[in-house]
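Written below as structure tokens is the structure these notes are about.
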């Protein structure tokens, strides 16, 4: 059902990491025109491996919105095969970061175009056009960024931490290299300043959303939009739906709850959307000056996802 | 049959392009210990595509010597599949340079290792160890080189000329960019100076062997070994066995025969090995100061290939 009421026809900007953001964008696409959605996407996870530039969050969102994502694996493309990786493994190459044969085509395409001088923004738009994705996916920056982890095993790159060690390692701190000098992309800046609403997706606050906020003046741009900022808690009843957000909040000194997430974001959020299982925390958040909406935030069922989307837009 | 007579046990250095050199090296491996063979290999065809560094001549030789080459296609690996290329084609990517799924693993491996700071020499040795290739494959240089073509369609890169236009275009000249500043690799220099014999493979003189000769002091090194230099003519009865050597010789002003090839190389060759079909040219070559051996130079049958190999070593 596409709602075309004027109040819902304005541009919605969504600060986005990977899976959680992809699901929210998919849900929002079910209740407003996808062309009215702008996702400002984290690129701190991006990596160069085998000479290829890989953008996990951009790809997760594009694959999900185009219906190409692999539901069984929870990442990558469906109908995938692994001929290249199997052969690379046999050669003794770096095969821990699994790149499927279909998925590799995306990275070959991107790497070639970047080598020709295209920006990540342009390449993403080209890929989305091919995939039939109408939501505008906007890398927060076209400059290089790298989220790195200070851990019990020493400094790890994002994918070493996340994939190689399956985020099963104690983290002392997170740093986004390049954030200080990276420029906000024109598309991201436009979306952040002109959107009717700025939504913080239920992505990992510490390692997906914060690397977006650290680029240039993004944090102050979002803070300036406080009344229009709606954040969806990625923590439900003390646990992350997926990934290490719960563990990281605890390790970095925050409460493992929607309150801890609210503490992390601080005063930039006007409205918090928290899960029914966390209704007990609503008053705490209101006392800190936030509006609070309590609803189902799990998006596994379409009806629930659309209800959440309508709450975000309400 | 492995001949271990002392006179044949010394190191043989083979200036090598792609297919013709691969076949000669395979033939030589049948009559002397592969470990005594050093191939100094052209890297002027190497390219960066999709962010991947691809070395067609090194790969053709490694694949051939390890029995992995695709005899049906005449290039690449056997048991190949094309999932990545098909997908890249669907994305509108640069799919004219066909890279099979198995083949891609080689390029991913190489690109990753080069990115880590390994030289082309080292990466080639690593791949050869994995492939079980005992012949030492030595890139003539670890520095970047690019053979480019001045054609009726303007300037073309090697693979644009060779693959994209299937070498069906008029060539006015050939240039090797980077040759003046490229340094001869230590392995190549050692092979060129210490080998008992320097063999010029029946590769394309103008676009496979000449880019080797243009690097640093390789031409003068080979010239200094004149008495030990044996060249196998790639032209048989006025035609190249494979590729555009015949056409290029004509377009660039040389006779389309073993005599034209001898004119092109000039005084650096001590001994010419020409095909039985070209016996008429033997006297002309002798008048120019070359020793001449007339034999079967086609290597499709193993017996013929080994006969040629023994002529090269005689």
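Side notes on the structure shown:
- Rg ratio (alpha-carbon, reference 2.2 N^0.38 Å) - chain B: 0.95
- Average partner coverage of A:50-60, which counts Cβ from other chains inside 10 Å: 3
- For the stretch A:224-314: rounded, prolate or oblate by the Cα gyration tensor [a/c cutoff 1.5]: oblate
- Its residue count N sets the reference 2.2 N^0.38 Å, and the alpha-carbon radius of gyration of the stretch B:128-190 equals 1.45 times that reference.
- Remark: A:228, A:59 ranked as A:228, A:59, counting other beta-carbon atoms within 10 Å and listing the fewest first.
- Gap separating the Cα centres of the stretch A:58-123 and the stretch A:252-289, nearest whole Å: 36
- Copies compared at residue A:228 - label distances in nm, ascending, label defined 7 Å from Cα in the Cβ direction: 7.7
- Cα gyration tensor category, rounded, prolate or oblate, for the stretch B:261-314 with a/c compared to 1.5: prolate
- Efficiency of FRET between residue B:35 and residue A:71 - r from beta-carbon atoms, R0 30 angstrom, step 0.05: 0.05
- As an equivalent ellipsoid, the stretch A:102-233 spans semi-axes of 24, 23, 14 angstrom, where each value is the square root of five times an eigenvalue of the C-alpha gyration tensor, largest first.
- Folded to 0 to 90 degrees: helix B:19-29 orientation relative to chain B principal axis, Cα: 60
- Kirkwood-type hydrodynamic radius, the stretch B:1-150: 16.2 Å, calculated from all non-identical alpha-carbon pairs.
- Of all residues in chain B, the one whose Cβ lies closest to the rotation axis carrying B onto A, together with that distance in whole Å, is B:51, 2.
- Chain A - share of DSSP beta bridges that are antiparallel (%, nearest 5): 40
- The calculated FRET efficiency for the pair residue A:152 and residue B:164, based on their C-beta separation and a Förster distance of 60 Å, comes to about 0.70.
- Between residue A:242 and residue A:288, residue separation times 0.36 nm minus the direct Cα-Cα distance comes to 13.8 nm.
- Placing a pseudo-label 7 Å from each Cα along the Cα-to-Cβ vector at residue A:172 and residue A:252 gives an inter-label distance of 1.6 nm.
- Counting, for every residue in A:110-118, the Cβ atoms of other protein chains within 10 Å of its Cβ and taking the mean gives 3.
- Applying 1/(1 + (r/R0)^6) with R0 = 45 Å to the Cβ-Cβ distance of residue B:220 and residue B:78 gives a FRET efficiency near 0.65.
- Taking the alpha carbon gyration tensor of the stretch B:195-249, multiplying each eigenvalue by 5 and rooting it gives semi-axes of 22, 14, 7 Å, largest first.
- Here the label points at residue A:276 and residue A:11, each 7 Å from Cα along the C-beta direction, are separated by 3.6 nm in the simple model.
- Once C-alpha pairs closer than 8 Å and six or more residues apart are averaged by separation and normalised to the residue number of chain A, the relative contact order reads 18 percent.
- Label point of residue A:30 (7 Å along Cα→beta-carbon): distances to the other copies' equivalent points are 6.7 nm, sorted ascending.
- Degrees separating the helix B:302-313 axis from the principal Cα axis of chain B, which is the longest one: 60
- The fraction of all Cα pairs in the protein assembly as shown landing in successive 20 Å bins from 0 to the largest distance is 18, 40, 24, 15, 3, 0, given as whole percents.
- Beta bridges from DSSP with both residues in the protein assembly as shown: antiparallel share about 40 percent, rounded to the nearest 5.
- Crossing angle, helix B:101-115 versus chain B [Cα axis fit, 0-90 degrees, rounded to tens]: 90
- Where both bridge residues fall in the stretch A:186-273, DSSP classifies roughly 25% of the beta bridges as antiparallel.
- Sequence of B:208, A:185 once ranked by neighbouring C-beta atoms within 10 Å, starting from the fewest: A:185, B:208
- Shape call, the stretch A:71-163: gyration tensor on alpha carbons, a/c limit 1.5: oblate
Every number here is computed from the coordinates shown, using simple stated rules; none is lab data. Note that the structure is predicted; figures quoted are calculated from it, not measured. Every residue, glycine among them, receives a Cβ derived from its backbone with ideal geometry; neighbour counts consider all protein chains shown.
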